[in-house]
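Each remark here refers to the structure printed beneath this line.
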Amino acid sequence: MQIHKHDAIIIGAGGAGLMAALYASKGGADVAVVSKLYPTRSHTGTAQGGIGAALGNLDEDKPIYHTYDTVKGGDYLTDQHAAKILAENAVDAVIELEHMGLPFDRTSEKRISQRRFGGHTRNFGEELVRRACHAADRTGHMILQTLYQQCIKNEVSFFDEFQVVDMIVVDGVCAGVVAIELGTGEFHIFHGKASFFATGGWGRCWSVTSNAHSLTGDGAAIALRRGVPLEDMEFFQFHPTGIYRMGILITEGVRGEGGVLINSQGERFMERYAPSAKDLASRDVVSRAIYLETRAGRSIKNRGYVHLDVRPQTVNRYFAEEGRDQGDFINDATVERKLPDILDFCRTYLGVDPVKEPMPVQPTAHYAMGGIPTNVDAEVIIDAAGTVMPGAYAAGETACVSVHGANRLGTNSLVDLVVFGRRGGMKMAEYVKGADWVPLPDDAGQEIRAEFDRIRSGSGSSRPGELRAKMQETMMDNVGVFRTEDTLRQGIDDLAELRERFHRDLRIDDKALVFNTDLMEAWELGCLLDLADVTARAAIERKESRGAHSREDFKGRDDEHWMAHSLVLHDGRLDNPAYEVNFDKRVDLSLWEEEIAKGVPEERQKFRPIERVY
Amino acid sequence: MDVTFKIRRQNPDMPDRRKPYWQEFLLADVDPTDRVLEMLHRIKWEQDGTLSLRRSCAHGICGSDAMRINGVNRLACKVLVRDLGERIQIEPILGMPVIKDLIVDMEPFFEHYRRVMPYFVNDDPLPADGRERLQTQADRELFDDSTKCILCACCTTSCPSFWANGHYVGPAAIVQAHRFIFDTRDQAGQERLDILSEPNGVWRCRTIFNCTPACPRDIEVTKAIGEVKLAIRKRKTIGIIQPNVSH
């Protein structure tokens, strides 16, 4: 096995990975980025609407308002000190992106343009605020491109199309990772003082998803199998507006520009569910509303979808009703200019022109709030007390800081990437200066090589494609937007059967070495099965409804018992693991505690967990 | 509907499959609105797991799945069966070494990309107020089209000048350079124009226009190349692109 030695190994080349790579290398570390995709293929590139930062370029805004919205949006499971750091650092991070050349749209004052987004408000919920900094509807694309460009400028080393399949942990310290070079099928060891997981989410556990095929949760699954617990896995966000049946994302920015959701009665139903924020309530609220409209027989043609209408005549009619300024009114050209990709998707895939017709949308599995637990410097922690695993870092969707709590606000994923990618990069640069090299064990990489040999030699009757489809179906039916003890039990049982077939009856056609995508997809399916299982197990234990986790048998939020993060531990056995779920990690309520300490009367406390109303 | 896929294949690991060959697959129950990528997945997942291709986002943003479909460069995830008919022929993009089936070696493409200084350069002190650099929306729009590029290589690998000479930087690299040359905040425009004035730079373009219809992002590639040529001839970057007055 070829061994590569670098101070810092970054796994994944999306926004979090590239940000970490840039800042670690600026801090003097020798960095290698190892990614299964060419960096510009990463899923950060599909983020559309914007990145939230309280720049105040168009409306009065402050980081503390952004903090409040993030905590409230997370249904008070958000760690408050982390949300504060997120919101404060967001301002600097966005300015730095502009300094790196990111082509944001501009205001008439030549500053970064901002738009409204769900759940983002001014003055603690008073009114919606323009906070999402945008580059048309391809903000993520521009972030990814800009960061990759800067990495080229800074001569960061890239190992493109190297897929990381295991981490090397020696006496509780992370000493690097094992990867497969896709072009040759050969195993490589990346020996590092620090390893940074930025491998993204696992939306491919569900059948209707906005996520790329490559979002198989590799980093989270690897960490889980090597003794890192996963945090808050029961919270998976369904974005309300995926293209009907395909799941392709239609940005919340459509509603930010005035678009509305309409049911089969022609009613703007969000007025009933969220009288103030309406269509721009948080995503969990809007997704549930669409399901409830469907159950009440008010989906379009009774097929489980509703209309998202951004036709100027519709938008302007509601603007007029709300007494909005004539200057806010939109026309066809506004929609074309601000939402070009959305128009392109609808025209290409649906033959629908959103300027003339409404778009058919349904909730789509979108974002993991949970993941590898970290502190605010992206260091991986392994227990409720916050014990750090030396040498291990994580940021972005694969990590759980937790800034998103039980439900992430729109734009905050991009904020998370840049803020914690940056903090983690800086922290690693500092760490590698003082840390010693941990010698590699003699058998490094042998265990995972044996696992790949097992998968490759699979000559049973279960194709990965069939198992994947069945997993996605049961996750959609049983571990989706609404859950009960029975559906979750069903999900766990179905997954057990699929896992059994995966480990005993797998069939792989491709036995070759070069670009064996059949083999890699099968291994990725194993990651998805583990993460699906952990999701269902955390979900069955949390007997309350909070944010994206909606239990029909436990309808209310129960702060008395459940103001805690779940941690799921795996015993390391690949084929038939035992799990332990605990809720020992309390939610950080430090901002509320400060208010109490300052003697702020209860009715004026902003960070006290209260029922969410939008 | 039933659709026959005829796919150009080769596999370096199998002695009898090292040379390119065609293989046909028949798919039943194809919906006209299915994406070609979904059909390739059906073939891979239901019939032959050895079929190899790159893909990721599946909606035309990541740029992984460029291939030659019925003789035209497309992203497999952005073309629907109804636009192609009942016989669909698929080959790897041309002009790059094929590694396996539809997977080509992308390194030469990215090497060209790296040559044009595809990154923002501005060594002036940052604004003293700690805020963003200023730019008018009109100036921002001058290079809007070229910011859409996803580096899929559809344009470069549809270009006969590139097929004839792999050292030519190709349309995609020029589009990437364009994105910075016409950004009023950038300071390395002249250096990029110098790079693109070299023999394998922009003058290899014979204005054949294959690149423009090949672009899945509807970038006016040939127009962008023309603007770079004009900037080289006039030795300036300001005033080359006329602002779009429609909005």
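The values are calculated or read from the model by the stated rules, or taken from the named source; none is laboratory data. Bear in mind that the values here come from a model prediction, so they are computed numbers and not experimental data. Neighbour counts are summed over all protein chains in view; Cβ atoms, including those assigned to glycine, are modelled from backbone coordinates with ideal geometry.
For region A:432-449: of the residues being within 27 Å of residue A:180 (Cβ to Cβ) and assigned to a helix (DSSP H, G or I), which is farthest from the chain's Cα centre (by Cα)?
Filtering region A:432-449 for residues within 27 Å of residue A:180 (Cβ to Cβ) gives A:432, A:435, A:437-449.
Narrowing the set further to residues that are assigned to a helix (DSSP H, G or I) leaves A:432, A:446-449.
Details: A:432: 28, A:446: 32, A:447: 30, A:448: 27, A:449: 30 Å.
Selected residue: A:446.
Only one entry of B:206, B:185 meets the criterion of being within 14 Å of chain A (Cβ to nearest Cβ), out of contact with any Leu (no Cβ under 6 Å at 6 or more places or on another chain) and of a type outside the set (Val, Ile, Thr), and that entry is B:185. Per the listing A:108, A:113, the residue uniquely at the interface with another protein chain (Cβ under 9 Å from one of its Cβ atoms), in contact with an Asp or Glu (Cβ under 6 Å, 6 or more places away or on another chain), of a type in the set (Gly, Ala, Ser) and more than 30 Å from residue A:564 (Cα to Cα) is A:113.
Within region A:580-606, restricting attention to residues that are surrounded by 15 or more Cβ atoms within 10 Å (Cβ to Cβ), of a type outside the set (Val, Ile, Thr) and in contact with a strand residue (DSSP E or B) (Cβ under 7 Å, 6 or more places away or on another chain), the residue that is nearest to residue A:498 (Cα to Cα) is A:582.
Considering each residue of region A:146-166 in turn, none proves to be more than 14 Å from every other protein chain (Cβ to nearest Cβ), touching a Ser or Thr at 6+ places or on another chain (Cβ under 6 Å) and closer than 25 Å to residue A:521 by Cα. Annotation note: of A:317, A:324, A:347, the sole residue that is within 14 Å of chain B (Cβ to nearest Cβ) and either basic (Lys, Arg) or in contact with a Gly (Cβ under 7 Å, 6 or more places away or on another chain) (or both) is A:347. Exactly one residue among B:151, B:94 is of a type in the set (A, V, I, L, M), more than 7 Å from chain A (Cβ to nearest Cβ) and touching a Ser or Thr at 6+ places or on another chain (Cβ under 9 Å), and that residue is B:94. Checking region A:505-515 against the condition returns no match, with no residue being in a helix (DSSP H, G or I) and either on the phi > 0 side of the Ramachandran plot or crowded, with 21+ Cβ neighbours inside 10 Å (or both).
Residues that are of a type in the set (A, V, I, L, M, F, W, C) and either outside any strand (DSSP E or B) or within 14 Å of chain B (Cβ to nearest Cβ) (or both) were ranked within region A:236-272; the one that is surrounded by the fewest Cβ atoms within 10 Å (Cβ to Cβ) is A:246.
Between B:8, B:17, B:74, B:68, the distinction of being at the interface with chain A (Cβ under 10 Å from one of its Cβ atoms) and either without any contact (Cβ under 8 Å) to a residue 24 or more places away in the chain or buried (at least 16 other Cβ atoms within 10 Å of the Cβ) (or both) belongs to B:17 only.
Restricting attention to region A:17-62, report how many residues are more than 30 Å from residue B:153 (Cβ to Cβ) and within 14 Å of chain B (Cβ to nearest Cβ). Of the residues in that region, 7 qualify. Only one of the numbered conditions (1) crowded, with 19+ Cβ neighbours inside 10 Å; (2) within 11 Å of chain A (Cβ to nearest Cβ); (3) not in a helix (DSSP H, G or I) is violated by residue B:33, and that is (1).
Is there a residue being touching a strand residue (DSSP E or B) at 6+ places or on another chain (Cβ under 8 Å), hydroxyl-bearing (Ser, Thr, Tyr) and within 14 Å of another protein chain (Cβ to nearest Cβ) anywhere in region A:460-474? Among the residues of region A:460-474, at least one is touching a strand residue (DSSP E or B) at 6+ places or on another chain (Cβ under 8 Å), hydroxyl-bearing (Ser, Thr, Tyr) and within 14 Å of another protein chain (Cβ to nearest Cβ), which makes the answer yes. One residue stands out among those in region A:58-94 that are closer than 25 Å to residue A:561 by Cβ and among the charged types (D, E, K, R): the one that is surrounded by the fewest Cβ atoms within 10 Å (Cβ to Cβ), which is A:75. Each residue in region A:273-288 was checked for being part of a helix (DSSP H, G or I) and either among the basic types (Lys, Arg) or within 23 Å of the chain's Cα centre (by Cα) (or both), and 9 of them qualify. Taking the condition of being of a type outside the set (S, T, N, Q), without any contact (Cβ under 8 Å) to a residue 60 or more places away in the chain and farther than 20 Å from residue A:150 by Cβ, how many residues in region B:112-138 meet it? So the answer is 3.
Listed here are the helices (runs of 4 or more DSSP H) enclosed by region A:46-157 that have at least 2 residues being in contact with a Pro (Cβ under 8 Å, 6 or more places away or on another chain): A:80-99, A:139-153.
Taking residues in region B:44-64 that are outside any loop (DSSP other than H, G, I, E, B), and partners anywhere that are of a type in the set (Val, Ile, Thr), the pairs with Cβ atoms closer than 9 Å and at least 6 places apart or on different chains are B:44/A:517; B:44/B:50.
Residue count for region A:526-555 satisfying the condition of being in contact with a Leu (Cβ under 6 Å, 6 or more places away or on another chain) and farther than 30 Å from residue A:286 by Cα: 0. Which of the residues belonging to region B:97-106 are more than 8 Å from every other protein chain (Cβ to nearest Cβ) and of a type outside the set (Asp, Glu)? Scanning region B:97-106 gives B:97, B:98, B:102, B:104.
Here is a list of conditions, (1) at negative phi; (2) modelled with pLDDT of 95 or more, and residue A:266 meets all of them except one; can you say which number that is? Evaluating residue A:266 over (1) at negative phi; (2) modelled with pLDDT of 95 or more leaves (1) as the failure.
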